[in-house]
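Note sheet for the following structure.
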Amino acid sequence: MTAPRVPLYRTIAESLSRDIRTGRYTEGERLPASRLLARTLEVNRATLHQALRVLKADGWIETNKGGGTRVARRSIAGPVIGPAPAWDRIASSLLRRIVAEPGPEPGRTPVYDLSRLAPDERDFPAEVFASFLTEVARNQALLSYGSPFGYRPLRETLAARLARRGVPADPDTILIVNGAQQGLDLITRALVDPGDAVAVEDPSYSGALTLFRMHRARLLGVPLDAEGPDPVALARVLAEKPKLLYAIPDFQNPTGLLVSAERRQRILEAAVGAGVLVVEDAFDADLNVEGELPPPLAATAPGHVVHLGTISKALFPGVRVGWISGPKEFVHRLAALKRIGELTSPPILQAALNLFISRGEYDRHLVRTRTRLRSRLAAAQRAVRESFPVGTACDRPSGGWVLWIQLPRGISGRALAAAARDKGVLVSPGADFSPDAADLPALRISVARETGPDLEKALALVGAAARALLHRLAVQRNGSGKSRAGREEALIQI
């Protein structure tokens with residue numbers, strides 16, 4: 001049987017529509033005059049007009065009196081070719097501020113990572129957690145939307161754990177969030193308008209400082225001493241009535257400082273007296289390796305403290321589960337704010353995590369993690385003592401992933417971080433944690449990702465870079481480095 005013959009005008013219409021789809025003719029572009037187009041296609045004008053009527057009926061072209069024939073706007077003609085939106089013009093001020101934040105500088109691929117507070121993937125209890133995921137996945141209800149407050153059995157489990165530390169939490173005063181960072185963002189969005197003051201420790205967690213800056217907060221730094229935020233400076237800052245005081249009393253980031261029980265009491269007395277809300281970030285509270293922790297701030301003044309927790313630093317960050325515990329009225333308002341942005345957090349992950357905690361796997365994992373952590377903290381401090389120049393100070397914290405290295409006066413933390421990166425080691429300069437971005441003579445190192453031998457190798461490289469910088473400073477100041485050459489090789493005492 002012979003296939004039906006396709007009329008010539010149909011063939012022409014299909015050819016022209018293909019030209020439009022592939023961008024030969026773009027939206028709004030005027031087609032050649034029919035006389036010229038017929039001559040180009042070697043057909044008579046009547047046949048061409050039939051083809052054009054088909055294209056118009058199908059929405060590919062449009063005709064205007066006196067305007068000729070043009071490719072239809074918003075047609076099905078395929079990709080629209082034209083200038084892209086001017087992103088700098090249409091971007092919000094928030095996006096412009098985020099983009100303006102300095103990113104990582106280019107350099108060689110690092111061999112050692114002493115910058116990130118992300119546990120080593122090789123230490124993850126992945127198989128055990130996978131078995132709990134398989135178990136809860138059989139519950140179809142967990143594959144649907146959940147409550148914006150989070151999976152209630154997990155909130156009950158977390159409330160019991162908080163109660164053991166003295167925090168009077170219950171499931172109705174806990175909000176599950178996608179990590180402590182989202183929790184802090186919710187709190188900031190709920191409380192801080194552009195120009196509002198926020199009190200922070202100096203130095204403080206870089207992610208919090210960036211977040212506050214993005215919300216155009218005015219940062220008021222409170223210097224730290226050996227016990228915590230300086231009481232005199234704190235009183236002066238609280239007198240300015242900031243919207244909140246952001247504090248990290250357990251293994252403070254970046255210094256690793258554990259705030260003393262007496263200083264915690266003075267912080268609360270000052271904040272309550274000034275009527276300032278305290279946001280307590282307990283992100284590393286499960287990682288103590290020596291002794292008992294003092295009670296959380298939320299245990300002493302629960303009506304004045306919002307308590308942030310997370311599972312990311314002690315377990316694994318890919319399970320984005322954190323929580324906010326605080327006054328019920330405020331937590332419920334945060335839940336309403338959270339619902340606008342993301343509806344809910346994944347119920348299935350929360351259910352698996354609840355089994356992991358309630359069946360004792362998390363506490364067993366913590367025992368193993370603390371053993372590794374104790375060894376790494378000791379190895380890191382020993383390497384700093386042996387490799388860094390005279391005048392360096394570094395206290396070993398009693399828990400947490402970080403050590404704070406205070407460098408001899410005159411050494412730029414930024415310059416040393418850049419020199420270390422050139423040697424294949426990533427470290428964090430003190431400027432990252434300064435409320436006013438000052439170039440502090442300090443580094444933060446993380447022991448989360450490298451083992452003892454690798455820590456020692458990495459810190460030996462950074463120490464050598466620090467000695468070289470100090471020697472260069474001596475040459476610049478004195479015109480000769482000979483008088484200090486011997487001292488630069490001496491060991492420091494910490």
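Details
- Estimated FRET transfer efficiency when R0 is 30 angstrom, pair Ala235-Arg364 (beta carbons, to 0.05): 0.10
- Over the chain, DSSP H runs of length four or greater, each weighted -39,500 (n - 2.57), average out per residue to a 222 nm ellipticity of -13500 deg cm²/dmol.
- Relative contact order computed over the chain (Cα-Cα under 8 Å; 6+ residues apart), in percent: 17
- Förster-model FRET efficiency, 22 Å R0, Arg116 and Asp422, C-beta, rounded to 0.05: 0.75
- Zone residues, segment 446-466, relative to Arg382, backbone N less than 11 Å from point 7 Å out along Cα-to-Cβ: 452-453, 456
- Phi to ³J(HN,Hα) by Karplus 6.51 cos²θ - 1.76 cosθ + 1.60 over segment 43-50, Hz, x for Gly, Pro: 9, 7, 5, 5, 5, 4, 5, 4
- Residues of segment 124-162 with an amide N closer than 14 Å to a point placed 7 Å from the Cα of Asp454 along the Cα-to-Cβ direction: 124.
- Virtual spin-label span in nm between Ser15 and Asp436, 7 Å along Cα→Cβ: 7.5
- Close lysine pairs were tallied over the chain: pairs 8 or more places apart or on different chains with Cα atoms under 30 Å apart number 14.
- The amide H of Val276, built 1.01 Å from its N in the peptide plane, has no neighbour under 5 Å, considering only residues 5 or more places off or on other chains.
- Scaled radius of gyration (Cα, divided by 2.2 N^0.38 Å) that segment 124-359 gives: 1.01
- When each of the peptides 459-467, 326-334, 385-393 is scored by how many other beta carbons lie within 10 Å of its residues on average, the order from highest to lowest is 459-467, 385-393, 326-334.
- Counted over segment 124-359, the DSSP beta bridges are approximately 35% antiparallel.
- Taking a ≥ b ≥ c as the square roots of the eigenvalues of the Cα gyration tensor, segment 163-302 is classed as rounded, since a/c falls below 1.5.
- Diffusion coefficient (Stokes-Einstein, Kirkwood radius over C-alpha pairs, 10 °C, 1.306 mPa s) for the chain: 59 µm²/s, rounded to a whole number.
- Rounded to the nearest 10 degrees, the angle from helix 261-274 to the longest Cα principal axis of the chain is 60 degrees.
- Length added when fully stretched, Ser34-Glu269, from 0.36 nm per residue minus Cα-Cα: 76.0 nm
- Beta bridges by DSSP in the chain, antiparallel share as percent, to the nearest 5: 55
- Each Cα pair under 8 Å and six or more residues apart adds its sequence gap; the mean of these over the residue count of segment 8-71 is a relative contact order of 44 percent.
- A simple charge model with +1 on the Cβ of Lys and Arg, -1 on the Cβ of Asp and Glu and nothing else charged puts the dipole of the chain at about 2160 debye relative to its Cα centre.
- Nearest 10 degrees, 0 to 90: helix 152-164 Cα axis against the chain principal axis: 20
A short reminder: the numbers here are calculations on the coordinates, not readings from a lab. None of the values given here were measured: they were computed from a predicted structure. Quick reminder, even Gly has a Cβ in these numbers, built from the backbone with ideal geometry, and neighbours come from all protein chains shown.
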